[in-house]
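Rule-based calculations on the coordinates, nothing more; no lab input. The model shown is predicted, which means the values in this text are computed figures rather than measured ones. In this analysis, Cβ positions are derived from the backbone assuming ideal geometry, glycine residues included, and neighbour counts consider all displayed protein chains.
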């Protein structure tokens, strides 16, 4: 059971790149919040950072890191990685709404989350089926 489906491998690579970059960016913003808040407010408007805090950006970084860990765990053929990824992605979708409000809900983020969770769910089923077949053959 060493061969991974191509779609799963592609999703893992994209998730690894996106999740890794997001974790670094959110961590950087949480550490240098005042600097970035001033820059963002200067570019957009006075209310653009309302509801955010260093804690918000740190939690987003932590959940992206958990998502990344889930992907790495799935890559190593461990089924629990799917649940780590699922919890992290649910938090990433909900956390902006909790901190900022209903206007912060991103439909685009929710759609991509559903697509990737679906890919990983089918992989979870595939690995579960293959691991039970290997147990039967031994």
How long are the three semi-axes of the equivalent ellipsoid of the stretch 25-130, in whole Å, if each is the root of 5 times an eigenvalue of the C-alpha gyration tensor, listed from largest down?
32, 15, 9
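Sorting 76, 39 on the 10 Å Cβ count, fewest up front, what's the list?
76, 39
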On full extension of the chain, what length is gained from residue 41 through residue 69, given 0.36 nm per residue of separation minus the C-alpha to C-alpha distance?
6.8 nm
Mean residue ellipticity at 222 nm from the helices of the chain, using -39,500 (n - 2.57) per DSSP H segment of n ≥ 4 over the full residue count, to the nearest 500 deg cm²/dmol?
-28000 deg cm²/dmol
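Run the numbers for residue 6 and residue 31: contour at 0.36 nm per residue of separation, minus the present Cα-Cα distance, in nm. Mind showing how you got there, number by number?
On the way: separation 25, 0.36 × 25 = 9.00 nm, distance 3.74 nm.
Net length gain for the segment: 5.3 nm.
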Going 7 Å from the Cα of residue 78 along its beta-carbon direction, which residues of the stretch 97-124 have the amide nitrogen within less than 17 Å of the resulting point?
124
Using the basic label-point model (7 angstrom from Cα toward the beta carbon), what is the residue 122 to residue 100 distance in nanometres?
3.1
